[in-house]
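**Q** Sharing a structure here in structure tokens format.
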Amino acid sequence: MTARTQRLLDSIERQRHEVLADAGQVTGEQLTWRPGVGEWSVLDVVEHLVRVEEGIVSRLKKREPRTRRETVRARLALVLVWLTFRTGRRIKVPVEAIAPVGGVTLADLERRWAAAQAGMRRTVEALERQDYARPLMRHPLIGLLTPAETLSFIGRHIRHHRGQIARIRRSPGFPA
């Protein structure tokens, strides 16, 4: 495993612990409170993060090398997504499979998220040196991503949603 990949995996794991610690500090009422109709609660955000990583892990596989066009497209799309994340804007989920559906507890999500990240770590640790330059997953909007791009996306995705959790907690009407 490359040093960069190790740092990215460690950062993702650290962020998972931070999100779960933040979510664990709120009451049950605060966890499920929504700022408005059709908006997500803190628990919804955590469920979304878990569903994204479960989806990514289920789609990780060694793929054929990207064409030059696919590489340029993915890199440009990543920059656009990262810039969008930095604005704090709401982004519609690209596929319904990663939208929260409810009916889960924080403890359930904690177990599922740990399992998803363990699966991701096992997959990445099993890669051979030449695999790091090849795509490992296909994002529905961005396209084919290398292992480092995949992990970088996940880390930035979590940071984006940590900001969303903070906004929910600052929203007028958030239960005391």
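**Q** Could you list Ile56, Ile142 so that the one with the fewest beta carbons within 10 Å of its beta carbon is first and the one with the most is last?
**A** On the way: Ile56 23, Ile142 20.
With the sparsest Cβ surroundings first, the list reads Ile142, Ile56.
**Q** A follow-up question, please. Could you put Leu144, Leu20, Leu136 in order, starting from the residue whose Cβ has the fewest other Cβ atoms within 10 Å? All intermediate terms of the calculation are to be shown ahead of the outcome.
**A** Values: Leu144 21, Leu20 18, Leu136 24.
In increasing order of surrounding Cβ atoms, one gets Leu20, Leu144, Leu136.
**Q** Further, regarding this structure: Taking the alpha-carbon set of segment 133-176, what are its Rg and Dmax in Å?
**A** That works out to 15.5, 49 Å for Rg and Dmax.
**Q** What is the sum of charges around Val104, taking Lys and Arg as +1, Asp and Glu as -1, for the other residues whose C-beta is under 15 Å from the C-beta of Val104? Don't jump to the answer; show the numbers that get you there.
**A** On the way: positive: Arg51, Arg111, Arg112; negative: Asp44, Glu47, Glu53, Glu54, Asp108, Glu110.
Residues near Val104 contribute -3 overall.
**Q** What percent do you get for the relative contact order of the chain when only Cα pairs under 8 Å and 6+ apart count? List each step's numbers first, then the result.
**A** Values: 183 pairs, mean separation 69.7, N = 176.
After rounding, I find 40 percent.
**Q** When the expected Rg is taken as 2.2 N^0.38 Å, what fraction or multiple of it is the alpha-carbon Rg of segment 73-176? Mind dumping the intermediate values first?
**A** Working: Rg = 16.0 Å, N = 104, 2.2 N^0.38 = 12.8 Å.
That works out to 1.25 for segment 73-176.
**Q** Taking the Cα centre of the chain as origin, sum charge times position over the Cβ atoms of Lys and Arg (+1) and Asp and Glu (-1), and report the length of that vector in debye to the nearest 20. Working shown, then result.
**A** On the way: 32 positive and 19 negative charges, 179 e Å.
Dipole about the Cα centre, nearest 20: 860 debye.
**Q** Could you give the distance between the Cα centres of segment 40-73 and segment 92-156, to the whole Å?
**A** The distance from the Cα centre of segment 40-73 to that of segment 92-156 comes to 5 Å.
**Q** According to the square roots a ≥ b ≥ c of the eigenvalues of the Cα gyration tensor, what is the shape class of the chain, taking rounded for a/c under 1.5, prolate for a/b larger than b/c otherwise, and oblate for the remainder? List each step's numbers first, then the result.
**A** Details: a/c = 2.25, a/b = 1.69, b/c = 1.33.
The shape class here is prolate.
**Q** Once the Cα atoms of segment 103-144 are picked out, what are the Rg and Dmax in Å?
**A** 14.1, 42
No value in this document is a laboratory result; all are computed from the given coordinates. Predicted model only: the values in this text are computed from it and were never measured. Note that we place each Cβ from the backbone using ideal geometry, even for glycine, and neighbour counts take in every protein chain shown.
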